[in-house]
Amino acid sequence: MLNSITVVIVSFNQLEAHGLASILKEHYSPITVTITTVSELHHLNRADYIFVSATLYRKHKTLFDQYHKHLIIIDDGKRQKAIPSSIPKLCNTFHESEILHRLENIFTQSNRTFHPTENTLTPREVEVLKLIAKGFLNKEIADTLNISLHTVISHRKNITRKLGIKTVAGLTLYALMNQLISPRDTQ
């Protein structure tokens, strides 16, 4: 059994922290994510990765510098002079696919192995797969799931990569064989 990767997210922005935690839990496994503030930093010693907001890093630089090899800065787009260029930065963006791409680059460059869960579709990817198999177009999937077209395309790429199936017919057959949809859904 694989050892769980331990991630600590240090941020006062709870929406940002929970969003990042959700993305990490959905796309990386096995993983343990803890969200904390500067007043509760006893988790840092056990962390494989520490995501810290740029504002908190600048404010508590001496504290975080002792964890330099584990740090990843959540970039706030403000002045970066106080942050060494050797510390990886996760750019602030609204697109999940951009965040995942940047995370993969950061994890690939680190000495630890931390790769997306392979061959296991996330619950959202299963939802997208079901709609693909039912004949929905990308725009219809986006509208149905209330997500962006860009996110639908990203999910389709991930599904194709994970399953190794490139055609709609193949994806439909996969969904039927795995009882994700019934034959009635394809008519």
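Only the coordinates and a few stated rules stand behind these numbers; no lab work does. Because the structure is a prediction, the values reported are computed rather than measured. So basically every Cβ, Gly included, is an ideal-geometry build from the backbone, and we count neighbours across all protein chains shown.
Can you tell me the relative contact order of the stretch 5-109? Whole percent, Cα pairs under 8 Å, sequence separation 6 or more.
Numbers: 138 pairs, mean separation 24.4, N = 105.
It comes to 23 percent, rounded to a whole number.
Measuring nothing but how far apart in sequence close Cα pairs (under 8 Å, 6+ apart) lie, relative to its length, the stretch 123-186 scores a relative contact order of 45 percent. Excluding same-chain residues fewer than 8 positions from Lys157, which aspartates and glutamates have a Cα within less than 20 Å of its Cα? Partners within reach: Glu26, Glu96, Glu98, Glu104, Glu118, Glu125, Glu127, Glu140, Asp143. Against the chain, whose longest principal axis comes from its Cα atoms, helix 168-177 is set at around 90 degrees. Of Lys69/Lys166; Lys69/Lys130; Lys89/Lys134; Lys89/Lys162, which pairs sit farther than 32 Å apart, going by alpha carbon to alpha carbon? With Cα atoms farther than 32 Å apart: Lys69/Lys166; Lys69/Lys130; Lys89/Lys134. Principal-axis analysis of the Cα atoms of the chain puts helix 14-27 at an angle of about 50° to the longest axis. All alpha carbon pair distances within the stretch 123-186 were sorted into 5 Å bins beginning at 0; the resulting P(r) in whole percents reads 4, 20, 33, 25, 15, 2. Computed extension gain for Phe12 through Ser182, at 0.36 nm per residue and net of the alpha carbon distance, reaches 56.6 nm.
Sequence-ordered 3J(HN,Hα) estimates for the stretch 135-144 from the Karplus curve with 6.51, -1.76 and 1.60 and θ = phi - 60° stand at x, 6, 7, 3, 5, 5, 5, 4, 5, 5 Hz, glycine and proline given as x. From the largest down, the chain spans 63, 37, 26 angstrom on the principal axes of its Cα atoms.
Residues whose amide H falls under 5 Å from that of Ile31, counting only those 5 or more places apart or on a different chain, are Ile5, with hydrogens built in the peptide plane.
Once the Cβ-Cβ distance of Ser148 and Leu173 is raised to the sixth power relative to R0 = 30 Å, the FRET efficiency obtained is 0.60.
From the convex hull of the Cα coordinates of the stretch 39-79, what is the mean projected area in square nanometres?
Taking a quarter of the hull surface, the average projection is 2.9 nm².
The angle between the Cα long axis of helix 96-109 and the longest principal axis of the Cα atoms of the chain comes to about 60 degrees, rounded to the nearest 10.
Counting each DSSP H run of 4 or more residues in the chain as -39500 (n - 2.57), what helix-only mean residue ellipticity at 222 nm follows after dividing by all residues, to the nearest 500 deg cm²/dmol? Don't skip to the answer; put the middle values down first.
On the way: 8 runs with 83 residues, N = 187.
Dividing the helical sum by the residues of the chain leaves -13000 deg cm²/dmol.
In this structure the amide hydrogen of Ile74, modeled in the peptide plane, comes within under 5 Å of the amide hydrogens of Val52, Ser53, Ala54, Leu90, none closer than 5 places in sequence on its chain.
Remind me, relative contact order of the chain in percent, using alpha carbon pairs under 8 angstrom and six or more residues apart?
Relative CO of the chain lands at 16 percent.
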